[in-house]
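> This structure is in structure tokens; I'll ask about it shortly.
The values are calculated or read from the model by the stated rules, or taken from the named source; none is laboratory data. What you are looking at is a predicted structure, and each value in this text was computed from that prediction instead of being measured. A quick note on method: Cβ atoms are made from the backbone with ideal geometry, for glycine too, and the neighbour counts reach across all protein chains shown.
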Amino acid sequence: MPREKLETLYRGQHLQLMKRGHWEFADRTKGSGVVTIVAVTENDELVLTEQFRPPVQKKVVDLPAGLAGDIAGSETEAFELAAERELIEETGFAGENFEYIFSGPTSAGMVTEMIDFFLVRGVKQVAEGGGDESEDIKVHVIPLKKIGAWLKRKETSKTCVDPKVFAAMGILSLYTS
């Protein structure tokens, strides 16, 4: 199938709105990709983040995640290094042996963005976390045995759970013994 002409409809500081044929979609202007981390402590707890997200006007419970290659001078940053950096920056936890699990679209009908999942076990808190100066991240460390009930309680009119958290639960059931 031949590719239709790509047209830029709008370009902002971080995103651009594109059109191919009749299809409109968003594309990032900075960074080489997105990483998300399924981080599990030695006590079988999942490390999660929570922060307000303006597009949905709610706090969102999510996995630690961030952009690779978005820092000036580090545009070719390896995704695994970005995952290590983002985990410490957002949560204050660190680990060894980041295992690449898979890559997939964040919203295939809306954005070009692909997200790479990494699993890291035995993480330990080494710093405060909370994100960079532009972020206000709350960190949650939830026992895997209680996570289902905990996530149900978090779903309110002011807070939602990102579906990637449920993907993490599937990853853990497949990749841990």
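> Among the numbered criteria (1) farther than 21 Å from ILE171 by Cβ; (2) crowded, with 17+ Cβ neighbours inside 10 Å; (3) modelled with pLDDT of 95 or more, which single criterion is violated by ALA82?
(1)
> When the range 53-67 is examined, which residues are found to be part of a strand (DSSP E or B) and farther than 19 Å from TRP150 by Cα? Explain how you work it out, then say what you get.
Just the residues of the range 53-67 that are part of a strand (DSSP E or B), to begin with: 53, 58-62, 65-67.
Residues satisfying the conditions are ARG53, ALA65, GLY66, LEU67.
> Go through (1) in contact (Cβ under 8 Å) with a residue 12 or more places away in the chain; (2) in the same structural domain as ASP132 (by TED's automatic domain parsing); (3) surrounded by 11 or more Cβ atoms within 10 Å (Cβ to Cβ) one by one and return the number of the condition PRO105 breaks.
Evaluating PRO105 over (1) in contact (Cβ under 8 Å) with a residue 12 or more places away in the chain; (2) in the same structural domain as ASP132 (by TED's automatic domain parsing); (3) surrounded by 11 or more Cβ atoms within 10 Å (Cβ to Cβ) leaves (1) as the failure.
> So, one more: Has the range 29-37 got any residue that is farther than 24 Å from GLY129 by Cβ, exposed (fewer than 13 other Cβ atoms within 10 Å of the Cβ) and in contact with a Leu (Cβ under 8 Å, 6 or more places away or on another chain)?
Taking every residue of the range 29-37 in turn, at least one turns out to be farther than 24 Å from GLY129 by Cβ, exposed (fewer than 13 other Cβ atoms within 10 Å of the Cβ) and in contact with a Leu (Cβ under 8 Å, 6 or more places away or on another chain).
> Related question: Please count how many residues of the range 53-72 are touching a residue at least 24 places away in the same chain (Cβ under 8 Å) and either basic (Lys, Arg) or exposed (fewer than 13 other Cβ atoms within 10 Å of the Cβ) (or both).
Here is the first cut: in the range 53-72, the ones touching a residue at least 24 places away in the same chain (Cβ under 8 Å) are 56, 58-70.
After this cut, where a residue has to be either basic (Lys, Arg) or exposed (fewer than 13 other Cβ atoms within 10 Å of the Cβ) (or both) as well, the list is 56, 58-59.
Selection size over the range 53-72: 3.
> Let me ask you something else. If you scan the range 28-49, which residues turn out to be touching a helix residue (DSSP H, G or I) at 6+ places or on another chain (Cβ under 8 Å) and over 17 Å from GLU113 (Cβ atoms)?
Correct list: VAL38, ALA39, VAL40, ASP44, GLU45, LEU46, VAL47, LEU48, THR49.
> Taking the range 7-22, which residues are touching a residue at least 12 places away in the same chain (Cβ under 8 Å) and under 15 Å from MET110 (Cβ atoms)?
Taking the range 7-22 and keeping what is touching a residue at least 12 places away in the same chain (Cβ under 8 Å), we get 7, 9, 11-16, 18-21.
The answer is LEU9, LEU15, GLN16, MET18, LYS19, ARG20.
> Quick one: which strands (runs of 3 or more DSSP E) sit completely within the range 92-177 and have at least 2 residues that are hydrophobic (A, V, I, L, M, F, W, C) and under 12 Å from VAL47 (Cβ atoms)? If you could, list the steps in order and put the result at the bottom.
On the way: elements: 99-105, 114-125, 138-143, 159-161.
Fully inside the range 92-177 and qualifying: 114-125, 138-143.
> What is the number of the single condition among (1) surrounded by fewer than 15 Cβ atoms within 10 Å (Cβ to Cβ); (2) in contact with a Pro (Cβ under 8 Å, 6 or more places away or on another chain) that HIS14 does not meet?
(2)
> Quick check on this structure: which one of GLU4, GLU50, GLU84, GLU75 is part of a strand (DSSP E or B) and either among the acidic types (Asp, Glu) or free of Cβ contacts under 8 Å to residues at least 12 places away in the same chain (or both)?
Numbers: GLU4 fails: part of a strand (DSSP E or B); GLU84 fails: part of a strand (DSSP E or B); GLU75 fails: part of a strand (DSSP E or B).
That would be GLU50, the only listed residue that is part of a strand (DSSP E or B) and either among the acidic types (Asp, Glu) or free of Cβ contacts under 8 Å to residues at least 12 places away in the same chain (or both).
> Please go through the range 63-90 and pick out each residue that is under 15 Å from ARG28 (Cβ atoms) and touching an Asp or Glu at 6+ places or on another chain (Cβ under 9 Å).
Just the residues of the range 63-90 that are under 15 Å from ARG28 (Cβ atoms), to begin with: 65-71, 75, 77, 79, 82.
Selection gives ALA65, GLY66, LEU67, ALA68, GLY69, ASP70, ILE71, GLU77, PHE79, ALA82.
> Every residue in the range 130-169 that is surrounded by fewer than 17 Cβ atoms within 10 Å (Cβ to Cβ), farther than 22 Å from GLU86 by Cα and not hydrophobic (A, V, I, L, M, F, W, C), please.
Result: LYS145, LYS146, GLY148, LYS152, ARG153, GLU155, THR156, SER157, LYS158, THR159.
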